[in-house]
Amino acid sequence: MSGVNMRNPERRIENNPFDVDAWNLLLREHQSRPIDQEREFYESLVNQFPNSGRYWRAYIEHELRSKNFENAENLFTRCLVNVLNIDLWKCYIIYVSETKGQLEQYRETMAKTFDFALEKIGMDVQAHSIYTDYIAFLKKVPAIGQYAENQRITAVRRIYQKALATPMHNLDSIWADYCAYEKNINMTLAEKLIAERGKDYQNARRVEKELQQVTRGLKRATVSVPPKGTQSETKQVELWKKLIAWEKTNPLQTEEYGQHARRVVYTYEQSLLSLGYYPDIWYEAAMFLQEASQTLDEKGDVKLAQALKQETCNLYERAITGLMKESKLIYFAYADFQEEQKKFEAVKDIYNRLLAIEHINPTLTYVQLMRFIRRTEGPNNARLVFKRAREDKRTGYQVFVASALMEYNCMKDKEVAIKVFKLGLKKYENEPGFGLAYADFLSNLNEDNNTRVVFERILTSSKLPSDKSIRIWDRFLDFESCVGDLASILKVEKRRKTAYEDAQKDLGMNHSMLVIDRYKFMDLMPCSGEQLKLIGYNALKGTESTATQGSSNSGPKPLPTRGPQAASAIMGGAGGHAEMARYGFPRPDITQMIPFKPRVNCNASFHPVPGGVYPPPPAAAHLLSLLPPPTCFIGPFVNVEALSTTSDPSAVVRSSALADLKRKRGDSDDEEDYTHIGATIGSLGTRDAYKRRMNKKNE
């Protein structure tokens, strides 16, 4: 089946809808077929990768090849503003220039198209071709009269000046063209204008060189897919964040904050084309837009501040209607943004849209909605949200805890809070988290008897499995240790031991393991870390953090979850078992041990046990991939033993000659001696037959 999947792109996409290589194979197949038969494929492609400019461009170009200009315009409307891909925008400019040539307002339309493109992607490092095409277009515009000629010159200068102030590739050629253009117009005025623009050009050129260093290794054409946590993905995320941080330092040193903010926002937009499934990038981009809007508002640029606020709203909408449609973080941040703008109805709509997604747990959403309604409409309407949450079968017990705490902390009504907890206890007796929250609430109210009643009711419930009751028994013992007498403590401890024995039958229980909890307080332990390991307390709790933090002495650190220690546990060590806790180091599974049998010919990663062949380290594996295969080597083969001990007369003569040479160095500077010794070594020491024959002829 795996072989079929590797050959069949459809099967590969069924197994992994984000298999980009399989989609590319299908794309090459479908591009040669009529567009009427392939629209369904293209729609599935752009729906799977909605922010990929490459796939949108392939779809549009296929429509254009079939002269379906109306369909192409509809596709441009769907993707152009949100997908700031330089190649997609170049395709749009070419489309306008080729299809709008018959219009009376063709020149005005092209000028607006170029201006629109420069507004959106004019800061791209690869935007030089758009600037040069725009300049070439303006130069060809006919100008009748001196006024029209001056207008054309002003327009061309404006694009030149904008290009020379933008860090991008091929900036030197644009500068040379600008200098030649000014000199052709007016030699006297050219020197002044070139000197003025030279500062911007040198600054942009400097930043462009720095940008090349910052973006080295960055893959801009990567398609957004859900992250897998690979090393290459992590590297790309680091490079994008490094680029964003660099842009925030204002490398152009511009005094206009709006221009600086635009460059940072554009960098965020470019990163989202490759990192669209990273909610932190979306959130950071929205936060920067909000901060920039506030800064501009303080500086008095109200118009641009309002524009950035609208961009923030658009960014959130793109996220929750696109790749982040199931991200609670983005929904909640969007709701807070709208709440800051006093758009309360919009906030309700955001929460309702999230609650409408059936397969997402709505508990946290109800909690946040309840808090929002309490802030804006008062506690009575917040209770209506709680009622709505109770009627939703997907809701968890946390909404009861949130409602009860809201009643107590905000409305100062203890009785209502207790009623909410009692109502929740009827439904969630099998949830230890709810029982602990209820018990903690009563304990903080100093209602000891009611707290004991709650503990007894939960622990004696038939709905609570024994393995889930451990946490509640621990909390019950801690409660009795704080407020109860010794008899009650011993009674609870005895019952707790029975529960532990039923829940953890694989561990050998003893009284010392359980008595630790009677005397501990917070991170203070009655035994050192080593003693806790010997007792087996760490294995009982399933963690090492408590023992290590609680020991007053600096005992061994807890085992990491990654690295060699974790690997040893996986391969048979006692990670998480009593032996691990007792000895403090991983113990291998000795049943897998085999006798040592040296082999003459053995690969570097050879292992005689099936499944035990492991790849070499990454650096060694990379080196092996660069080396030619062993079959390429056909000799000569060196006998290492013969090199150390040999009876070859030439080697003996060579060694004696070298010894004479060393003695000569101490008391003689005669070059003839050195020449004679070198000739002796050369004649006797060489193993090359051709050289030996040549030496004999010379003699």
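The values are calculated or read from the model by the stated rules, or taken from the named source; none is laboratory data. Since the structure is predicted, the reported quantities are computational estimates derived from the model, not experimental observations. Cβ sites come from the backbone with ideal geometry, for glycine too, and all protein chains shown count toward neighbours. Protein only, heavy atoms only, side chains kept; ligands, DNA and RNA dropped before computing areas. Shrake-Rupley method; radii C 1.70, N 1.55, O 1.52, S 1.80 Å.
Table for the structure above
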{"item": "Pair residue 384, residue 485: separation of 7 Å Cα→Cβ label points (nm)", "result": "5.4 nm"}
{"item": "Label-to-label distance, nm, for residues given as residue 392 and residue 48 (7 Å Cα→Cβ offset)", "result": "3.2 nm"}
{"item": "Computed accessible area, residue 478, all protein chains, 1.4 angstrom probe, square angstrom", "result": "70 Å²"}
{"item": "Theoretical gain in end-to-end length, residue 515 to residue 259 [0.36 nm per residue, Cα-Cα removed]", "result": "85.5 nm"}
{"item": "Förster radius 41 Å - calculated FRET efficiency between residue 413 and residue 280 (Cβ-Cβ, nearest 0.05)", "result": "0.60"}
{"item": "Rounded to the nearest 10 Å², the accessible area of residue 427 at probe 1.4 Å", "result": "100 Å²"}
{"item": "For the stretch 396-474, the Rg and Dmax computed from alpha carbons only, in angstrom", "result": "12.0, 37"}
{"item": "Accessible-area composition of the stretch 40-155, carbon plus sulfur, in percent [1.4 Å probe]", "result": "48 percent"}
{"item": "Near-label residues of the stretch 317-343 by backbone N, under 18 Å of a point 7 Å along Cα→Cβ of residue 297", "result": "333-343"}
{"item": "Principal axis dimensions, largest first and in whole angstrom, of the stretch 276-411 by Cα", "result": "46, 33, 20"}
{"item": "Sparse-neighbourhood loop sites, trypsin sites (Lys or Arg not before Pro) in the stretch 198-261 - DSSP loop, at most 13 other Cβ within 10 angstrom", "result": "216, 219, 228"}
{"item": "Distance violations [Cα-Cα > 30 Å] among 422/468; 219/348; 309/348; 100/139; 463/494", "result": "219/348"}
{"item": "Cross-link partners of residue 192 among aspartates and glutamates (Cα-Cα below 14 Å; sequence separation of 8 or more within a chain)", "result": "182, 200"}
{"item": "Cut-off 20 Å, label 7 Å out along Cα→Cβ of residue 307, residues of the stretch 156-174 by amide N", "result": "158-167"}
{"item": "26 Å tail of the calculated P(r), the stretch 206-324, as % of Cα pairs", "result": "24 percent"}
{"item": "Segment residue 460-residue 81, length gained on full extension (0.36 nm per residue, minus Cα span)", "result": "130.3 nm"}
{"item": "Zero-based 10 Å bins, Cα pair distances in the stretch 23-215, whole percents", "result": "8, 29, 29, 21, 10, 3, 0"}
{"item": "Long-range Cα-Cα pairs in the stretch 169-249 (distance over 18 Å), rounded percent", "result": "58 percent"}
{"item": "Accessible area of the stretch 413-458 belonging to carbon and sulfur atoms, whole % at 1.4 Å probe", "result": "45 percent"}
{"item": "Separation of the residue 66 and residue 233 label points, Cα + 7 Å toward Cβ, nm", "result": "3.5 nm"}
{"item": "Translational diffusion coefficient (Stokes-Einstein; Kirkwood radius from C-alpha pairs) of the stretch 105-238 at 20 °C, 1.002 mPa s, in µm²/s", "result": "126 µm²/s"}
{"item": "Segment residue 446-residue 104, extension gain: residue separation times 0.36 nm, minus the distance between their alpha carbons", "result": "114.6 nm"}
{"item": "The stretch 263-311, Cα convex hull volume normalised per residue, Å³", "result": "60 Å³"}
{"item": "Computed accessible area, residue 81, all protein chains, 1.4 angstrom probe, square angstrom", "result": "70 Å²"}
{"item": "Apportionment of accessible area to carbon and sulfur, the stretch 163-240, percent (1.4 Å)", "result": "51 percent"}
{"item": "Å² per residue, accessible surface of the stretch 23-215 at 1.4 Å", "result": "52 Å²"}
